[in-house]
Amino acid sequence: MEWLELLRGAVAGILAFIAVPVLIYFLLINTSYLVMIVLAAVDFVAYRRRIPFAGREELMRSRTMPGISVVAPMHNEEVGIRVAVESFLSLQHPRHEVIVVDDGSTDNGFEVLRRAFDLVPVSRQMPEDVPVREAPASIHVPRDGRTRLTVVHKRNSSRSDSINVGINLAREDLVLFVDSDSILDPGALLTVSRPFIEDPISTVAAGGVIRAVNGCRVKGGRVLEVRMPGTPLADIQVMEYLRAFHLGRAGWSRINALLLISGAFGVFRRDALVAVGGLDASSIGEDFELVMRLHRTFRRQRRPYRVTFLTEPICWTEVPSTLPVLRRQRARWHRGLWETLWAYRDMLFNPRYGRLGLVAVPYYWLFELIAPLLELAGLVLIALGFALGLVSWRYFLLFMLVAYAYAIIVTLAAVMIEELSYHKYPRWRDLGITLGAVVLENLGYRQLTAWWRMEGWVASLLGRRQQWGTMTRSGFTEVDG
């Protein structure tokens, strides 16, 4: 058939150019993950050695410990906001305050807080250190005058703008961004403060680990027992988070080239936030954009600085449990990645930015941004070539080994190192689920998320308006007693 011959000719022509480069690409990307494992393992070993000398009791009594303002934006979080705020207030730290910014909620979340903490309005002038779109309509504090809680009521203007309001109202030297539906380990503030104590001049930001709380047993805003979610979709995301935080970010931090701190749990020096103007409320990838702006600002000013990552402080968050929500999340993430990289394209291969411009930024372009395009195109063309008899079974097997079997081995190595270092999942059943998720990730899930990431990229290129949608949550597994 003529059309079949035309197809064979077209596929053969494309394969002649991409067959070898595609293999090399997958070999490089998986090897880069393996390198990150090695770098992260070095940090894990150092962490294990520091445990006996952590000195948390001394930190709690220290008068030199920098204070932390915990800023939690809130939008329609009526169900869990009271427990969340109580858990934030009870975190171990000698001096911390909690600032909840109600971003125009349409539920009764604000009323829940008002009743729970006996809030009363106060006349307080908000500084204008960073620009905001919507100023507070009212500011409230507990009547007792002792509880370090501030609740701001304002019109809806985005999560980023709400955090900027919190930055302006923050009275401590450090500012922590955390989602109001997240759970922090009790000692998270103490641990994440350590880099600022050890190097108070240079350290401007620090990030911590994000873990999936799905399936865990929770009571009173505390994780009592860590478990795997037990559903394939959430189980696979646990593996993704492990690679992204324990390997990727720990590895980049090790070579002082960390470009991303999660907006769900990140600590910044307040003066550094003011120096760069706070979060960009117009940015889709606001957390990535903020760290890139910190790097560019401090590099241009030739000021010593460090952005670091800690593998110990943990923030627990609920990952999407349905495909539509996961699709919106991944499309938004990739769109934010593209728009931020494009906005800071002057850093690409720019020696002015050192290893950031010569290593980290090019890596994000090649192995983060372009990855879904090359993966999907390579997989479709090679599978099509194999079906048309243009690709030998030896090459097809080699492709599957390099692209997917290698990826499975890398993730298994990551799981092993994480389990030896932290042993978060004590049940053998959870370990079995973990190993199964490592394999399942490469059998459809990875390709599906690559397609969704491409959707976000294309939507940005076409100038479509970003629609984040609603993050439907199943809620934590609360235990009785």
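The values are calculated or read from the model by the stated rules, or taken from the named source; none is laboratory data. Since the structure is predicted, the reported quantities are computational estimates derived from the model, not experimental observations. With ideal geometry, Cβ positions are generated from the backbone for all residues, glycine too; neighbour counts draw on all protein chains shown. Just so you know, the surface numbers come from the protein's heavy atoms only, side chains and all, with ligands and any DNA or RNA stripped out. Shrake-Rupley method; radii C 1.70, N 1.55, O 1.52, S 1.80 Å.
Numbers for the structure displayed
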| item | result |
| --- | --- |
| Residue that is farthest from T449 (Cα to Cα) [pool: residues in the range 334-346 that are among the aliphatic types (A, V, I, L, M) and crowded, with 21+ Cβ neighbours inside 10 Å] | L341 |
| Members of the range 171-190 that are open to solvent by less than 10 Å² (accessible area, probe 1.4 Å) and either in contact with a strand residue (DSSP E or B) (Cβ under 6 Å, 6 or more places away or on another chain) or not in a helix (DSSP H, G or I) (or both) | L174, V175, L176, F177, V178, S180, S182, I183, L184, G187, A188, L189 |
| Of all residues in the range 213-228 being surrounded by fewer than 18 Cβ atoms within 10 Å (Cβ to Cβ) and not hydrophobic (A, V, I, L, M, F, W, C), the one that is nearest to E86 (Cα to Cα) | G220 |
| Unique match (being of a type in the set (G, A, S), open to solvent by less than 10 Å² (accessible area, probe 1.4 Å) and assigned to a helix (DSSP H, G or I)) among A206, A244, A272 | A272 |
| Considering residues of the range 348-369 that are of a type outside the set (A, V, I, L, M) and without any contact (Cβ under 8 Å) to a residue 12 or more places away in the chain only, the residue surrounded by the most Cβ atoms within 10 Å (Cβ to Cβ) | G357 |
| Condition check for R330: among the charged types (D, E, K, R), crowded, with 20+ Cβ neighbours inside 10 Å and in contact with a helix residue (DSSP H, G or I) (Cβ under 6 Å, 6 or more places away or on another chain) | yes |
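Results for (1) under 25 Å from T308 (Cβ atoms); (2) part of a loop (DSSP other than H, G, I, E, B); (3) open to solvent by 10 Å² or more (accessible area, probe 1.4 Å); (4) in contact with a Lys or Arg (Cβ under 6 Å, 6 or more places away or on another chain), shown as yes or no for each residue.
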| residue | (1), (2), (3), (4) |
| --- | --- |
| V141 | no, no, yes, no |
| N156 | no, yes, yes, no |
| V165 | no, no, no, no |
| S193 | yes, no, no, no |
| R211 | yes, no, yes, no |
| G230 | no, yes, yes, no |
